[in-house]
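The values are calculated or read from the model by the stated rules, or taken from the named source; none is laboratory data. Remember, predicted model here, so these are calculated numbers, not experimental data. No Cβ is skipped: glycine too gets one built from the backbone with ideal geometry, and neighbour counts run over all protein chains shown. Protein only, heavy atoms only, side chains kept; ligands, DNA and RNA dropped before computing areas. Shrake-Rupley method; radii C 1.70, N 1.55, O 1.52, S 1.80 Å.
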Amino acid sequence: MTALFNFQSLLLAILLLICTSSYAHYVFPGIMDRNKDGVFGIFWKCARIGERLSPYVSICCVLMAISIFMGQ
């Protein structure tokens, strides 16, 4: 089943996108800041979400890990 049809997989994919974008912005800030518009603007926006809401994103990552570990 794809991530689009399974809600838990969709949330996991979104969390992965947010965490990866935040890390990429930390490592390569110039590249991410140049591409604020267009298709790559999605990654910049996800990086902003990850930076500003990092405690909540961290809690969601831990809850998803527990959920997956427990077998849903």
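Rolling a 1.4 angstrom probe over the chain with all protein chains present gives an accessible area of which 73% lies on carbon and sulfur atoms.
Below 8 Å between Cα atoms, with a sequence gap of 6+, how large is the relative contact order for the chain in percent? Let's see the in-between values first.
Working: 45 pairs, mean separation 21.2, N = 72.
In percent, rounded to a whole number, it is 29.
How much accessible area per residue does the chain have, in Å², with a 1.4 Å probe?
On the way: 5610 Å² over 72 residues.
Result: 78 Å² of accessible area for each residue.
Rounded to the nearest Hz, the phi-derived 3J(HN,Hα) couplings of the stretch 25-34 under the Karplus curve 6.51 cos²θ - 1.76 cosθ + 1.60 (θ = phi - 60°) are 5, 5, 7, 10, x, x, 5, 5, 6, 6, where x marks glycine and proline.
Count the net charge of all other residues whose Cβ sits under 14 Å from the Cβ of residue 44, scoring Lys and Arg as +1 and Asp and Glu as -1. Provide the component values of the computation, followed by the final result.
On the way: positive: 34, 36, 45, 48, 52; negative: 33, 37, 51.
With Lys, Arg at +1 and Asp, Glu at -1, the net is +2.
One entry in [x] -0.80, -0.88, -1.06; [y] -0.42, -0.60, -0.94; [z] -0.58, -0.73, -1.00 is log10 I(q)/I(0) by the Debye sum over Cα atoms at q = 0.13, 0.16, 0.22 Å⁻¹ calculated from the shown coordinates; its label is [y].
By the scheme Lys and Arg +1, Asp and Glu -1, what is the net charge of all other residues having a beta-carbon under 12 Å from that of residue 18?
On the way: positive: 45, 48, 52; negative: 51.
Computed value for this residue: +2.
In sequence order, the stretch 50-66 has phi-based couplings of x, 6, 7, 10, 4, x, 6, 5, 5, 4, 5, 5, 5, 5, 5, 5, 5 Hz under the Karplus curve 6.51 cos²θ - 1.76 cosθ + 1.60, θ = phi - 60°, and Gly or Pro positions carry x.
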